[in-house]
Every structure is written in C-alpha cells, then in structure tokens.
Amino acid sequence: MTEQTPTTAVATSILTTDRLTKSFGGVHAVNEASVTFLDGKINGLIGPNGSGKTTFFNCVTGMIKPDSGSVQLRGRDITRWAPHKIARAGLGRSFQLCRTFPRMTVLENMLVAVQPHTLGDYLGGSHAPSTVERARAMLARVGIDHLENAEARDLSYGQQKLLELGSTLMSDPPFVMLDEPAGGVNPSLIERIAVLIRELNDEGTTFLIVEHNMDLIMKLCDHIVVFDRGAPIATGTADVIQSDPRVLEAYLGV
C-alpha cells in the first residue's frame, strides 16, 4: 500500500492588479501597483498617510478610473467597470466617511442597499417581506436592531459605521472591501466589528481592510500588504510585516 503524502491547501487570489496607476496633477497616487489578495482570507492593506490606499480602493471599485494597468476579480477583468456592475459581480465596499441617507430610517437605509430598481420604486413600497426580514436580521447581527425606526442622522458615528457595514453586507457579497471600519469608533464597537468580520470570514466571506489601527490589523488579518508612495513594498503575515525593515522605514523613517 502506497503511503499518501498529505497535501497543503494553497490560497488562490480573489483580487489582482497589474501595474495599476492613477495620477493627480502629475503626482502618482497609485504607481504601477501589482498586488494580489487572497480568497477566503482576511486581507489587510496598510501604509502611511498619503500612500495611496484609498485611491487604490477607488480604482478597484470603479469610483475613479485608473490611468493604466488592470484589475481582475476572480480572474475576470473588471478594469474601468462602473461601480454598480462591480457590485453585482460580488464586490461590496464601505467608505472611509459614512455614506447613509440621513433623513431615512435605519431600516430604510438597509432596504435601499439591495433595492434592484430605483429609489422611487422603493418609496412606492416595492420591497419584499423577505427582504425586510433579512434587513432586520442583519441589523440584529451588527447590534443596532433596536434603532431600526431612528433616522440615520440621529445615530452616533459608531452606530453609523455599523449601519454602513450592515448595508454593505445586505447583498451577501462574497468579497467585501472595508475602508477604515474602526476609524472614529470606540473600543467596544471596534471589538464588535472585529468579531463580526471573523464570523463572516468563517462563513466564507473574503475581506480586504484598509485601517490605521495597527493593533486591529495585526490581530485580525491573515495576509497583509503594505503600501508606500502608491505601490506595495511588503507582503506577508503580521509577523513578517512587523519585522520588515522597509515597513519600519516607511512608517518611522528608520
């Protein structure tokens, strides 16, 4: 009987960019960035202020058009696709600054996030009961179901972050990009967000997180990419990143 050699699972890519470039007034915000993020993992993207992280996010998600280079989602070229088309391809994203409808209720904000027609259709009451129940279940999961009838403008900033996260998750995207989910949030809410991300990852959702909270990134992420001056300078696990001299130089100038 032949002894079988155990095999080790190799992580595949979910998002890959090839020489992605975006300039503003001659300044390269993203500079020929070729980078890969892993499917099934919690990926992190970090770097000093002005290193190009949010511009990279915006190029990937169609909010701005890159000058050159390409973006592939699960091997499919999505370069220069419109944001709604990218979202339909399974990529959800949140923003550094919360984007909610301030005069709509928390529940209405959740329903708009998955409304397949126009806002006018939604206001006419076209949402299905099953969608309403899903929205309420998601509000419970992020911990703000007790606020479903409150207007979004009356929520604290941390609660608005939870609302935006819940809205992002409403369409059940397999890949979620979060831009500073812990920014301006108190420690207890940060922990709630971290627990939710871990649970969703265990259930199959892949994440890419931009965050300045290094403690959160190092504890949460399986795979980390470090940007400086618009391009990746280091890639690896938290242990590898924390000991990389290029990362120390970028952050500390040492």
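Nothing in this text is a laboratory measurement; each read-out follows from the coordinates by a stated rule. Note that this is a predicted model, so its numbers are computed, not measured. We place every Cβ from the backbone using ideal geometry, glycine too, and count neighbours over all the protein chains shown.
Residue separation of Asp172 and Thr105 scaled by 0.36 nm, minus their Cα-Cα distance, works out to 22.0 nm of gained length. Its residues counted as N, the range 129-254 yields a C-alpha radius of gyration over 2.2 N^0.38 Å of 1.21. The ranking of His28, His212 by Cβ neighbour count inside 10 Å, starting from the fewest, reads His212, His28. Extension gain for Lys85 to Asp222 (0.36 nm times residue separation, less C-alpha to C-alpha distance): 46.5 nm. Ranked from largest, the principal axis spans of the Cα set of the range 183-251 equal 32, 27, 22 Å.
What is the sum of charges around Trp81, taking Lys and Arg as +1, Asp and Glu as -1, for the other residues whose C-beta is under 11 Å from the C-beta of Trp81?
+4
In terms of other Cβ atoms within 10 Å, Glu191, Glu203 run from fewest to most in the order Glu203, Glu191.
Once the convex hull of all Cα atoms in the chain is built, its volume per residue stands at 171 Å³. About its Cα centre, the range 105-238 has a charge dipole of approximately 80 debye under the convention of +1 per Lys or Arg Cβ and -1 per Asp or Glu Cβ, with nothing else charged.
Structure shown: which of Lys85/Lys219; Lys22/Lys53; Lys41/Lys219; Lys65/Lys85; Lys22/Lys85; Lys161/Lys219 lie over 23 Å apart, alpha-carbon to alpha-carbon? Over 23 Å Cα-Cα: Lys85/Lys219. Placing a pseudo-label 7 Å from each Cα along the Cα-to-Cβ vector at Asp215 and Val195 gives an inter-label distance of 1.7 nm. Considering only C-alpha atoms, what is the centroid distance from the range 68-86 to the range 191-250, in Å? Distance between centres, Cα-based: 23 Å. Considering only Ala29, Ala137, Thr16, and ranking their Cα positions along the charge dipole of the chain that arises from unit charges at the beta-carbon of Lys, Arg, Asp and Glu, the one farthest toward the positive end is Ala29.
Summing Cβ point charges (Lys, Arg +1; Asp, Glu -1) relative to the Cα centre of the chain gives a dipole of roughly 680 debye. Which residue fluctuates most in the GNM of the chain (Cα springs below 10 Å): Phe56, Phe101, Phe37? Largest GNM mean-square fluctuation: Phe101.
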